[in-house]
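Below is one structure, written out as structure tokens; comments come after it.
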Amino acid sequence: MPIVSPSPDSARVWLATLLRGEVPIAPALAESILLDTARTEGVLALCHNRLRQSPAWAQYPVTLRVALTRYAYQDIAVEMAREMDLRDVLDALARQSLPVLLLKGEALACMLYPEPHLRNRCDTDLLFPSREEAEHAWCVLQTLGYQRAGAMSGDLISYELCCHKTGHGGLAHTLDLHWRWSNAALFAERFTFAELAASAVPIPALGPQAHGLSLVHALLLACVHRFVSLGGGMADRLIWLYDIHLLAQRLTDEPWQQFMALAEERTLCGPCLDGLDSARIWFGTSLSDAVLSRLRAGTDREGFDPRQLRPRWRYEWQTFRALPSTALRLRWLGQHLCPTATYLRSQFNVRNPLWLPWFYGMRIVRGAGKLFHQSRTINSR
């Protein structure tokens, strides 16, 4: 019988130990806490995979083994349906001669993990050269049954379109259509599509049309994506750090030199140092002193500490300051305070347009309240 413990942090430590390959003893945790934490951290399928291969599998509680196995089979079914949907999407885009790259979880699942279902993800990210081509792709996707989801718009706020459908097996499939490598204004212009496409690698598991980022670019993006998510107020996740760990372990000397040169040139040393150092702490990622020292020096030159971009208002302030002109800053502020009517309708389910001014005001008041609460929380620490 498992020993009850109220601490999700203990479950996180146990899961990280398992993913490091140390195969810890049966956890002194309530099973519900362990399963909930593994799901939140995005490592439920990985947990099952590691335990199932362990000689100690039979020693774990039956209820835990049954629950993990059930979730693993569900993930496999979702993966099969997602792959069929994605192949249809990539084929349709290819028929229209639309260039596209797979980003983040979908590409990493096929490139780094022994089985794609082991890399948990809730959507598929596709990168296009421009907004016009992303809009063209959306028109193509409509013919496949996709519907557009409401999203905050503005050329300085968001660089993606979101759409979804109920696909094979009755399972939902969400696509994010990007026209910048990062959806954060702070980093959106660091790489062009052409730069990323020049070193893209094929992903045979998803068919001849599928290509993803090189290992170097994928590691840069993994660090930046985690950094942006934390800056936006999300909690850190083991799956992000495990991605970084696996990517770092794949790099040899020459790619490491390319990685460090790009991090310095594109002022990405802070996010990269934060991601790699956290992966080292949690998963024992092997990093040379040369890599760490160059990234630390680059972080100092960049002039901000990644740890100081949390909570969200600090991250938004850094984004505001990074915009190169007063005109852009005012436009960014206006897009945040006054998003499109379409966005408000989708967020608040507004049916009568006469109510829109009320919801604009309510949104501003809510935002001010969040900033006040966050600033009080920080000042009280």
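Every read-out reported here was derived from the displayed coordinates using simple, explicitly stated rules and does not represent laboratory data. The shown structure was predicted, so the numbers you read here are calculated from the model rather than taken from an experiment. Cβ: placed from backbone, ideal geometry, glycine included. Neighbour counts: every protein chain shown.
Worth a mention:
- Anisotropy class of the stretch 61-180 from Cα gyration tensor, a/c 1.5 cut: prolate
- Within the shell of other residues whose beta carbon sits under 9 angstrom from the beta carbon of residue 105, the net charge comes to -1, with Lys and Arg scored +1 and Asp and Glu -1.
- Ranked for footprinting exposure by Cβ neighbours inside 10 Å, fewest first, 60, 73, 159, 242 give 73, 60, 159, 242.
- Charge sum, other residues only, whose C-beta stays under 10 Å from residue 47's C-beta, Lys/Arg counted +1 and Asp/Glu -1: +2
- Ordering 84, 260 by the number of other Cβ atoms within 10 Å of each residue's own Cβ, fewest first, gives 84, 260.
- Normalised by the number of residues in the stretch 184-293, the average gap of Cα pairs under 8 Å and 6 or more apart makes the relative contact order 26 percent.
- Counted charge near residue 81, where neighbours are those whose Cβ lies closer than 14 Å (Asp, Glu -1; Lys, Arg +1): -3
- Exposure proxy order (Cβ contacts within 10 Å, fewest to most) of 166, 252, 299: 252, 166, 299
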